[in-house]
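To start, the structure itself, in structure tokens.
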């Protein structure tokens, strides 16, 4: 197991078993600025998810057909797991929804009475991600998740206009990205990196401990010296 100090053991085990329940999302190589490294996952992880958020993320992600590690990656980039975060633009909570987005989501039954409530914010954020993903069913499947993240950060209208300039629905993300805001160009690869890192954690936690070799099992304990 990569995590030596046991800090994340309870966290990753609770999510590792969910991997087979969620759809596989291909992580495109979208480039972008470098992000903080995780030291091979051996000395702790940058932006470790708080333990109490994990079951909430797992429940809401699977409810909307998303991978829990994908949602955790988005939260890590959006708010660094600060449930009380408020951006300079006015985005609120863990998944940084704008007030008008919260109002729209509530018309869809999100029930976000308090955007600073972790469970309500995650539920609404996962619903919004699902809506964006569904609205991009016509794009190149290889880049659909990257486009979903770009729409979450920069807006679906801006994304569609950029795609139209670069050839429409089948345009590659790499050709569309330069037309997106600078923030979005860095945002997408950052979320994908966090997602990939959390997925590695979960896989490591789920892996069975290596069994001792036959030779090791047959090795006898040394004889005790006679008195």
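Here, each number is a calculation from the coordinates, and none is a lab measurement. What you see is a predicted model, and the numbers here were worked out from it, not measured in a lab. Glycine also receives a Cβ, built like all others from the backbone with ideal geometry; neighbour counts cover every protein chain displayed.
Modelled spin-label separation between residue 137 and residue 86, with each label point placed 7 Å from Cα along the Cα-to-Cβ direction: 3.9 nm.
Here r is the Cβ-Cβ distance between residue 108 and residue 211 and R0 is 35 Å; the resulting FRET efficiency, rounded to 0.05, is 0.10.
Each residue, residue 203 and residue 164, gets one label point 7 Å from its Cα in the Cβ direction; the gap between the two is 4.0 nm.
Label separation (residue 48 vs residue 98): 3.6 nm, computed from points 7 Å beyond Cα along the C-beta direction.
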